[in-house]
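Shown next, in structure tokens, is the structure this report addresses.
The values are calculated or read from the model by the stated rules, or taken from the named source; none is laboratory data. Since we're looking at a predicted model, the values are computed, not measured. Here the Cβ is made from the backbone with ideal geometry for all residues, glycine too, and neighbour counts use every protein chain on show. Ligands, DNA and RNA are stripped out before the accessible areas are found, and what is left, the full protein with its side chains, is counted by its heavy atoms. Shrake-Rupley method; radii C 1.70, N 1.55, O 1.52, S 1.80 Å.
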Amino acid sequence: MELIGREEQITRLENYIQGNMGGNLVVHGQGGHGKTFLIKSWLNKQSASKQILGIHYSLRSDFEPAQYFLKQWIQQIVAQLPNDIYNQWQANLKERSKLPYSLNEWVNQVGNRYQVDGYIFLLKIKSLLKVYSGKIILCLDQCELLSAEGRELLRLICEWKPERMF
């Protein structure tokens, strides 16, 4: 399917993303009006030349652990990164954080440590921004399904507004 008749929204989205600052952007509206399709279509059109890494995750249920969306974002980032950037990221992480486990080990952990996982997620993103020169767009769809802990975790992450991350 092709995105038709959304030129104004796409222009506003591109103007916001092309700014040099990071920040939070909320796309909201009634169900069934194409918010998800708009964002997914726009992300799919982004090319490597624009240096944009677009990650989309849609919550499936209100029973997901609070930090699950963070781990899904990291898994999708890992899947999209070129090998050389991934290897630089791993080296930077090892040097900066002194964490005793890899990305995959962290992603596979389960537990009620959502604040710790939020901190680790931010460390990993900060480290990625040191080796990746482009912009990172993290989309979380169906936010109304977030638990109270998930909303708190998202709020804490959104308070930190790094450049080049949206």
Matching helices (runs of 4 or more DSSP H) fully within the stretch 4-80 where at least 1 residues are modelled with pLDDT of 80 or more and closer than 15 Å to Met165 by Cβ: 68-80
Residues of the stretch 40-92 classified as open to solvent by 70 Å² or more (accessible area, probe 1.4 Å) and either under 19 Å from Tyr119 (Cα atoms) or among the aromatic types (Phe, Trp, Tyr) (or both), total: 3
Residue in the stretch 93-101 that is of a type in the set (Asp, Glu), open to solvent by less than 90 Å² (accessible area, probe 1.4 Å), modelled with pLDDT of 75 or more and assigned to a helix (DSSP H, G or I) present: no
When residues of the stretch 134-166 are limited to those that are modelled with pLDDT of 80 or more, farther than 15 Å from Leu53 by Cα and part of a loop (DSSP other than H, G, I, E, B), the one most open to solvent (accessible area, probe 1.4 Å): Gln142
Candidate set from the stretch 116-133 (those that are crowded, with 16+ Cβ neighbours inside 10 Å and of a type in the set (D, E, K, R)); member that is modelled with the lowest pLDDT: Asp117
